[in-house]
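Scroll down for the structure; my scribbles are underneath it.
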């Protein structure tokens, strides 16, 4: 596979299966010593890839066929939870993921396009150090110059407005069926805001409503 190319769906699903299995949160029904798995997106987990707590033993398991027609067992114990960030990206991927395990919360974050473009397209980088500046809220002391070295800043090709407008248009096109898929499943939560300060409290409130002690 070429550097920078998209990872095939089948590979991503195998990686997810392997990660959860290695952590003891998912196992083939043919394997002994069951461990628990919960697909809850816990607010204390870290975004990116798969994260969660310590596996615990339990007899409360549900069988579910995977995309390879194997049978896996999982439980809904909240001590083991994870977040998927950036996958699935479309309805086809979501259906493939469903064949492995159920997802019980999908968060759709809505921020105005003009806000997104302002943050991304005003981003400039000092390549040798990867220091990042933004002319809106983290501007360099001298326009176009790195604060420490005084060397010129550059804008990456994929941070240019025309590139991002095209990406956002494509994302909206593919995300509508994905959102419809999870909305139909009753697990979609859409939150709106212009910044993390606005969005984060709403997310924590929703997590508490769905998974807090008061919801049990």
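The values are calculated or read from the model by the stated rules, or taken from the named source; none is laboratory data. Note that the coordinates shown come from a computational prediction; the quantities given were computed from them, not determined experimentally. Heads up, the Cβs are rebuilt from the backbone with ideal geometry, glycines too, and the neighbour counts pull from every protein chain shown.
Name the residue that is modelled with the lowest pLDDT, counting only residues in the range 180-216 that are touching a helix residue (DSSP H, G or I) at 6+ places or on another chain (Cβ under 9 Å) and assigned to a helix (DSSP H, G or I). That would be 215.
One residue stands out among those in the range 175-200 that are within 18 Å of the chain's Cα centre (by Cα) and exposed (fewer than 14 other Cβ atoms within 10 Å of the Cβ): the one that is farthest from residue 121 (Cα to Cα), which is 180.
Whether any residue in the range 132-139 is assigned to a helix (DSSP H, G or I) and touching a strand residue (DSSP E or B) at 6+ places or on another chain (Cβ under 7 Å) is what I want to check. The answer is no, given that none of the residues of the range 132-139 is assigned to a helix (DSSP H, G or I) and touching a strand residue (DSSP E or B) at 6+ places or on another chain (Cβ under 7 Å).
The number of residues in the range 107-135 that are touching a helix residue (DSSP H, G or I) at 6+ places or on another chain (Cβ under 7 Å), surrounded by fewer than 16 Cβ atoms within 10 Å (Cβ to Cβ) and either modelled with pLDDT of 85 or more or outside the structural domain of residue 196 (by TED's automatic domain parsing) (or both) comes to 3. The single condition among (1) closer than 28 Å to residue 81 by Cβ; (2) in a loop (DSSP other than H, G, I, E, B) that residue 149 does not meet is (1).
Tell me yes or no: at least one residue of the range 143-153 is in contact with a helix residue (DSSP H, G or I) (Cβ under 9 Å, 6 or more places away or on another chain) and surrounded by 14 or more Cβ atoms within 10 Å (Cβ to Cβ). Within the range 143-153 (the criterion being in contact with a helix residue (DSSP H, G or I) (Cβ under 9 Å, 6 or more places away or on another chain) and surrounded by 14 or more Cβ atoms within 10 Å (Cβ to Cβ)), the answer is no, since none of the residues qualifies.
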